[in-house]
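Everything on this sheet refers to the single structure shown next.
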Amino acid sequence: MDTISRRASSLFITVPALVLGVPLLITALVYKQRDLSILMLLVLCVAGGAKLWTAFGHRGTECRTGADKKRVFPGNRIELTLTLRNTTFLPLWVRADVPLNGLRPVSGEGETHLTGESGLWHDSGHFRWDVTAPRRGVFRPGPVGLTCGDIFGFFPKESEVDDPLEIIVYPRLVPLKTFSMIRRDFFGIPGDFSPVRDPIYILGTHDYQHGRPARFIHWKASARRHVLQEKVFEPTEQEKVLFVVAVQDFELSGASDALERSLEAVASMATLFDREGIATGFVTDSAIEGGAAYLRSVRRDAGHLQSLLETLARIRMEKGRDIMEALRGMNSLPFGVTCLSFSHRMDGSSRAVQEYFTRRRVPVIHYVWTASSEGDNGGRRPKRGAIRAIGDLFVHREGDGA
């Protein structure tokens, strides 16, 4: 923590002056110098009282940081709050210095710290700043550099208060071009006409038609209406998508920008699929910030998209495990799943992913930034059209350098 300058200074409260004060007081008392004795007694009493004041006040000072939003997208405004509380009955001067650690203040370009100063007398002081997160990741502002002392600021005492605050910044959602997938739905889209009926989803009943299978008769409804009723089924979509993100080659190539764009594509596609009712899953070989889960099973329920986006936010451009080890960590693959693999290029790891899903008869679409490395021709080559450029997914706008 950087040393914070004192609010007030005096020759009489410097350490050398206080060290000399005791022998001067003794000398004045011995030689019966009343004026000097009174002066030195006042200096020592004020200095000692201020020192004790600061010691007791520092112990009774509490500091707490917070934020109105802890999960945001890049560029969103976050209200960072700091609460200082004096639990003693002594008036205190308190100053707090908050390192932003990657966050940016809305006002004040180039600032890396936020500072709040207040005088407290058995009450609380509140500070609020508006900050933004410039990029995806996990941000932890702090620890807070706390300086407090007597109201004159003679003996400020400094300490660090580590009040953990974690702000998760999801990948940026970007507009995507229309893209095609290898569809695995068997029953069709809900509400559409389909010659194959799903026996699980029942829309209602109508009068039984001669020649229809007897297993479609709704016996309870028929008993209530005293006429045979037939079940009306709803076709249902069974499409599922598993995202596989391999960061090993991004790390070896130093392609941090390409990785960020890839994660933006995954986040945007996952959000689009969730809106369309498509179940999604995720697995990666990356090291995950904070030790969070590196895989998410294929499903669609409340909170699943948020969990997937949080995993994307915690990804580091650092290999944490082998991609095949990560895939084997999944208990099972549901029927009808399609794999979307994201990597820097079609290298050996990508081909291992291809072989893994081919053996399980799961279609794979590879999204890459560059072509395959030379000399890496082993393994079964993906079908034509199964390798696509990640850059072609984005809707390029004027002024966008991507």
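Look at the dipole of the range 209-307 built from charges on Cβ: of Ala214, Ala267, Val283, the Cα furthest out on the positive end belongs to Ala214.
In order along the range 110-116, the phi-based Karplus estimate (6.51 cos²θ - 1.76 cosθ + 1.60, θ = phi - 60°) of 3J(HN,Hα) comes to x, 6, 10, 9, 10, 10, x Hz; Gly and Pro are listed as x.
Taking amide H as placed 1.01 Å from N in the peptide plane, the amide H of Phe243 sits under 5 Å from that of Gly281, Phe282, Val283, Leu340, each at least 5 places away or on another chain.
Out of all DSSP beta bridges with both ends in the range 203-343, state the antiparallel percent to the nearest 5.
Values: 10 of 22 bridges.
Roughly 45 percent of the DSSP beta bridges within the range 203-343 come out antiparallel.
Efficiency by 1/(1 + (r/R0)^6): what FRET value for Thr132 and Asn331, r their Cβ-Cβ distance, R0 = 51 Å, to the nearest 0.05? After rounding, the FRET efficiency stands at 0.80.
For Ser222, the shell of other residues with beta-carbons less than 15 Å away shows a net charge of +4, using +1 for Lys and Arg and -1 for Asp and Glu. Listed by Cβ neighbour count within 10 Å, with the fewest neighbours leading, Val283, Val43 appear as Val43, Val283. Peptide packing for 360-368, 209-217 was compared via the average number of neighbouring C-beta atoms within 10 Å per residue; ordered from the highest value, the list is 360-368, 209-217.
Charge dipole (Cα centre; +1 on Lys/Arg Cβ, -1 on Asp/Glu Cβ; no other charges) of the range 240-393 amounts to roughly 800 debye. Karplus-derived 3J(HN,Hα) values for the range 146-153, using 6.51 cos²θ - 1.76 cosθ + 1.60 with θ = phi - 60°, are 9, 10, 9, x, 5, 5, 8, x Hz; glycine and proline are entered as x. Under the shape rule built on the C-alpha gyration tensor, where the axes satisfy a ≥ b ≥ c, the range 1-169 is prolate, since a/c reaches at least 1.5 and a/b is greater than b/c.
Counting other Cβ atoms within 10 Å as a rough exposure proxy, the listed residues His218, His122 run His122, His218 from fewest neighbours to most.
Over all other residues within a Cβ to Cβ distance under 10 Å of Glu79, the charged ones net out to +1, with Lys and Arg as +1 and Asp and Glu as -1.
Residue separation of Arg212 and Asn101 scaled by 0.36 nm, minus their Cα-Cα distance, works out to 33.1 nm of gained length.
Judged by the mean number of other Cβ atoms found within 10 Å, the most tightly packed of the peptides 61-70, 143-152 leads the ranking 143-152, 61-70. Rounded to the nearest 20 debye, the dipole magnitude of the range 13-154 is 500 debye, with +1 charges on Lys and Arg beta carbons, -1 on Asp and Glu beta carbons, and the Cα centre as origin. Only lysines eight or more places from Lys157 in sequence, or on another chain, were considered; those with a Cα closer than 19 Å are Lys51.
Taking the fewest neighbouring Cβ atoms within 10 Å as the starting point, the ordered list for Leu114, Leu259 is Leu114, Leu259.
Quick note: the coordinates plus some simple rules give every number you see, no bench work behind them. Here the structure is a predicted model, which means the values were calculated and not measured. Note that we place each Cβ from the backbone using ideal geometry, even for glycine, and neighbour counts take in every protein chain shown.
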